[in-house]
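Single-structure report; data block below.
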Amino acid sequence: MLAAAMDSITADECYEHVEALADDVYEGREAGSRGGHAAATYILQQLEASFGSDYRNILAMRLGDDPKLRDEIIVVGAHYDHVGYGSKRTSFGTIGKIHNGADDNASGISVLLETIEAFSNSGLGTRRSILFAFWDCEERGMVGSRYWVAHPTVPLERVKLSVTLDMVGRLR
């Protein structure tokens, strides 16, 4: 399996990506610029071949401050998908009407976003790094988080804790 993975990485394909991303069309890829956004779109298009175009996890890493512990990762995640218009399998209410999902799981996403903002605005650091994960396709069998575990962006042995924020607005 490792050999097949290694064989799939070729110098020609790496060169093609470098050539594409270094093209003038990306205007130097400055963060927040039109060229930077276009580069993000290019990357997403490349990822669609592996992950599929219908689902997207969103990951953001906040590096820890402690040189001895920053390689250890705490994953804090929440799923951002819901059930859309509902189905017999996913709805206790009317099928065909929008199921907004305020509790499941806009509530978890709101806590995750506010936590990120608090870190950003306070200057508060952490000893370990935090991977903030916005999972997609969780309502269909935890597809997004399972995909990440099968194709992690950091070695899983570095993950020391994982916290999931799901339906934090539930009052009963």
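The residue list ARG127, ARG140 contains one member that is at pLDDT 90 or above, surrounded by 12 or more Cβ atoms within 10 Å (Cβ to Cβ), among the basic types (Lys, Arg) and part of a loop (DSSP other than H, G, I, E, B), which is ARG127.
Which is at pLDDT 75 or above, charged (D, E, K, R) and surrounded by 12 or more Cβ atoms within 10 Å (Cβ to Cβ), of ARG29, ARG56? Outline the logic, then answer.
Values: ARG29 fails: at pLDDT 75 or above.
Unique residue meeting the criteria: ARG56.
The residue of region 148-172 that is nearest to GLY84 (Cα to Cα), among those that are open to solvent by 60 Å² or more (accessible area, probe 1.4 Å) and in contact with a Phe, Trp or Tyr (Cβ under 9 Å, 6 or more places away or on another chain), is THR164. With respect to the conditions (1) open to solvent by 70 Å² or more (accessible area, probe 1.4 Å); (2) within 21 Å of ARG158 (Cβ to Cβ); (3) of a type outside the set (Asp, Glu); (4) touching a residue at least 12 places away in the same chain (Cβ under 8 Å), VAL76 lacks only one, and its number is (1).
Would a scan of region 119-127 turn up a residue that is under 15 Å from the mean Cα position of the chain (by Cα) and under 20 Å from ILE73 (Cβ atoms)? Scanning region 119-127, I find no residue that is under 15 Å from the mean Cα position of the chain (by Cα) and under 20 Å from ILE73 (Cβ atoms), so the answer is no.
Name, by its number, the condition in (1) part of a helix (DSSP H, G or I); (2) modelled with pLDDT of 80 or more; (3) open to solvent by 70 Å² or more (accessible area, probe 1.4 Å); (4) not charged (D, E, K, R) that does not hold for MET61. MET61 satisfies every listed condition except (1).
The values are calculated or read from the model by the stated rules, or taken from the named source; none is laboratory data. Everything numeric in this text was worked out from a predicted model, so none of it was measured. Glycine gets a Cβ as well: all are built from the backbone with ideal geometry, and neighbour counts include every protein chain shown. Accessible surface is based on the protein model in full, side chains and every heavy atom, while ligands, DNA and RNA are left aside. Shrake-Rupley method; radii C 1.70, N 1.55, O 1.52, S 1.80 Å.
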